[in-house]
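Just so you know, all these numbers are worked out from the coordinates, no wet-lab data involved. Everything numeric in this text was worked out from a predicted model, so none of it was measured. For neighbour counting, all protein chains shown are included, and Cβ atoms are generated from backbone atoms with ideal geometry for every residue, glycine included.
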Amino acid sequence: MEEFVRAINSVSKKALKTSIGKVTEITETTCTVEREHLSELLDVRLNAVVGDFESSFIVYPKINSEVLVVEIENNPQETAIIKYTEIDRVTIQIDEFEVDCNKQGLSVGNKGESFKTIVNDLIDELNKILVIQGNTINVPAMNAIKKRFNKVLK
């Protein structure tokens with residue numbers, strides 16, 4: 001029985017320490033989390049692992065939203081967000097491919113090209129088509145489609 005108690009104590013010492021708080025400030029890679037009746041957490045990581053990577057997936061919590069924070073390797077100075085009640089923005093980068101999504105819309109780009117610019121250029125060129133016989137392109141309808149794309153894409 002004594003070995004069982006030692007095993008349980010060993011595992012419980014390695015348990016992750018978590019806390020819940022409210023996001024008060026955000027930078028590109030970290031945020032500040034205010035906790036009730038506890039000290040404020042500074043430089044809380046948005047991603048658990050810090051580094052200059054060619055690929056990343058970052059979720060930016062909304063200011064004043066609640067988050068679940070975990071200590072990394074039981075070090076109270078190293079913390080990361082693992083759950084969010086509300087998010088403000090999501091970014092994905094895989095080499096030169098980038099996606100940025102927030103309430104203003106969606107931005108998709110790759111190798112210096114923007115999906116929004118490509119769609120707008122395509123519609124502008126389609127609007128230039130002149131049909132000699134039959135129906136020509138409905139320019140107002142194409143421009144309406146362009147406006148709809150621009151509501152989604154930023």
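Residue 79 fulfils the conditions (1) over 15 Å from the mean Cα position of the chain (by Cα); (2) among the hydroxyl-bearing types (Ser, Thr, Tyr); (3) within 23 Å of residue 146 (Cα to Cα) except for a single criterion, (3).
Residue under question is residue 137, and the condition is that it be of a type in the set (A, V, I, L, M, F, W, C) and under 30 Å from residue 96 (Cα atoms); does it hold?
It is false that residue 137 is of a type in the set (A, V, I, L, M, F, W, C) and under 30 Å from residue 96 (Cα atoms).
If you check 146, 62, 83 for being farther than 21 Å from residue 21 by Cβ and of a type in the set (D, E, K, R), only one passes: 146.
Taken over segment 87-133, the criterion of being acidic (Asp, Glu) and assigned to a strand (DSSP E or B) is satisfied by 88, 98, 100, 113.
Only one of 114, 56, 107 is touching an Asp or Glu at 6+ places or on another chain (Cβ under 7 Å) and closer than 30 Å to residue 30 by Cα; which? Going through 114, 56, 107 in turn, just one is touching an Asp or Glu at 6+ places or on another chain (Cβ under 7 Å) and closer than 30 Å to residue 30 by Cα: 107.
Of all residues in segment 43-56, those being surrounded by 13 or more Cβ atoms within 10 Å (Cβ to Cβ), out of contact with any Phe, Trp or Tyr (no Cβ under 9 Å at 6 or more places or on another chain) and either without any contact (Cβ under 8 Å) to a residue 12 or more places away in the chain or not basic (Lys, Arg) (or both) number 4. For residues that are surrounded by fewer than 13 Cβ atoms within 10 Å (Cβ to Cβ) and in a loop (DSSP other than H, G, I, E, B), scanning just segment 134-143, find the one that is nearest to the chain's Cα centre (by Cα). That would be 138.
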